[in-house]
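Inspection log for the structure reproduced underneath, given as structure tokens.
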Amino acid sequence: MIIRQEEAKDYEAVYSLVKSAFDSAEHSDGNEQDLVNALRNSSSFISQLSLVAEHDGEILGHILFTAVDIGGSTQLALAPLSVKPGRQRQGIGKALIQEGHKRAGELGYSYSVVLGSETYYPKMGYLPAERYGIQSPVDVPKENFMACPLGKGVPNISGVVQYAKEFGIG
């Protein structure tokens with residue numbers, strides 16, 4: 001399996017993948033695939049941080065990190081992370097997150113935030129965002145709104161996350 005930057009030729013396959021991955025998700029609003037398309041056309045899109053996991057020419061996973069503002073500092077939001085049904089729980093999501101974090105750190109970002117599973121994301125280094133002084137713009141359970149430092153010695157930041165308008169929150 002290789003993890004690489006998403007290319008325009010991948011868009012259709014990624015759309016289908018995201019849709020199928022969230023069809024049976026416990027928490028889904030059913031438009032994650034449309035959100036990916038909207039974010040690609042937004043000022044928050046960072047092409048280097050839209051990644052796919054590919055094996056034998058088949059896209060098995062996709063991850064997207066987009067720019068957010070936290071207290072005047074540009075950081076990242078992880079959303080969404082998608083793995084093909086039938087290939088979940090095989091380390092594809094973990095590999096996408098690890099590679100995304102590595103690339104994000106190389107690009108100079110210090111934190112990634114996520115609104116997600118309190119049992120999955122802590123395994124990837126995410127902790128409740130309030131520990132870092134980072135607040136959600138909407139009322140969500142604290143254990144589901146998390147942040148992850150993208151390296152050692154990252155600066156302290158604090159503030160309310162301002163998501164891209166395409167997310168429709170905040």
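Could you line up Glu58, Glu32 from fewest to most neighbouring Cβ atoms inside 10 Å?
With the fewest neighbours first, Glu58, Glu32 line up as Glu58, Glu32.
What does the charge count near Ala38 come to, summing +1 for each Lys or Arg and -1 for each Asp or Glu among other residues with Cβ under 10 Å from its Cβ?
That works out to 0.
Would you mind estimating how fast the stretch 1-101 diffuses translationally, via Stokes-Einstein at 25 °C and 0.890 mPa s with the Kirkwood radius over Cα pairs, in µm²/s?
179
Please give the charge dipole size of the stretch 1-51, origin at the Cα centre, charges +1 on K and R Cβ atoms and -1 on D and E Cβ atoms. Round to the nearest 20 debye. It would help to have the intermediate numbers written out before the result.
On the way: 4 positive and 9 negative charges, 46 e Å.
Dipole of the stretch 1-51, to the nearest 20 debye: 220 debye.
Considering only the other residues whose Cβ falls under 15 Å of the Cβ of Ser110, what net charge follows from Lys and Arg at +1 and Asp and Glu at -1?
Net charge around Ser110: +2.
Once you put a point 7 Å from the Cα of Thr74 and another 7 Å from the Cα of Gln90, both along the Cβ direction, what distance in nm separates them?
With each label point 7 Å from Cα toward Cβ, the separation is 3.7 nm.
Determine the dipole magnitude for the chain: charges of +1 sit on the beta-carbon of Lys and Arg, -1 on that of Asp and Glu, nothing else is charged, the reference point is the Cα centre, and the result goes in debye to the nearest 20.
Once rounded to the nearest 20, the dipole reads 500 debye.
In bins 5 Å wide, starting from 0, what share of all Cα pairs of the stretch 59-158 does each bin hold, as a percent?
The percentages, shortest bin first, are 2, 13, 25, 26, 19, 10, 4, 1, 0.
Could you identify which residue out of Asn156, Asn37, Asn144 has the top mean-square fluctuation in a GNM of the chain using Cα springs shorter than 10 Å?
Judging by the Gaussian network model, the answer is Asn156.
Among the listed pairs Lys9/Lys165; Lys102/Lys142; Lys19/Lys142; Lys123/Lys152; Lys94/Lys123, give every one whose C-alpha distance is greater than 19 Å.
Lys9/Lys165; Lys102/Lys142; Lys19/Lys142
How large is log10 of I(q)/I(0) for the stretch 44-88 at q = 0.24, 0.26, 0.28, 0.29 Å⁻¹ when the intensity is taken from the Debye formula with one equal scatterer per alpha-carbon?
-0.82, -0.89, -0.97, -1.00
So if the hydrodynamic radius of the chain is defined as the Kirkwood radius over C-alpha pairs, what does Stokes-Einstein give as its diffusion coefficient at 37 °C and 0.692 mPa s, in µm² per second?
205
Please identify, among Ile97, Ile157, Ile134, the residue showing maximal mean-square fluctuation in a Gaussian network model of the chain using a 10 angstrom Cα cutoff.
Most flexible of the set in this elastic network: Ile157.
Can you list the HN-Hα couplings for the stretch 41-52, worked out from phi with the Karplus curve (6.51, -1.76, 1.60; θ = phi - 60°), rounded to whole Hz and with x for Gly and Pro?
Working through the residues one at a time gives 9, 9, 6, 8, 5, 10, 4, 5, 10, 10, 10, 10 Hz.
We did not get these values from a lab; they are worked out from the coordinates using the rules stated. Keep in mind it's a predicted model, so treat the numbers as computed, not measured. Glycine gets a Cβ as well: all are built from the backbone with ideal geometry, and neighbour counts include every protein chain shown.
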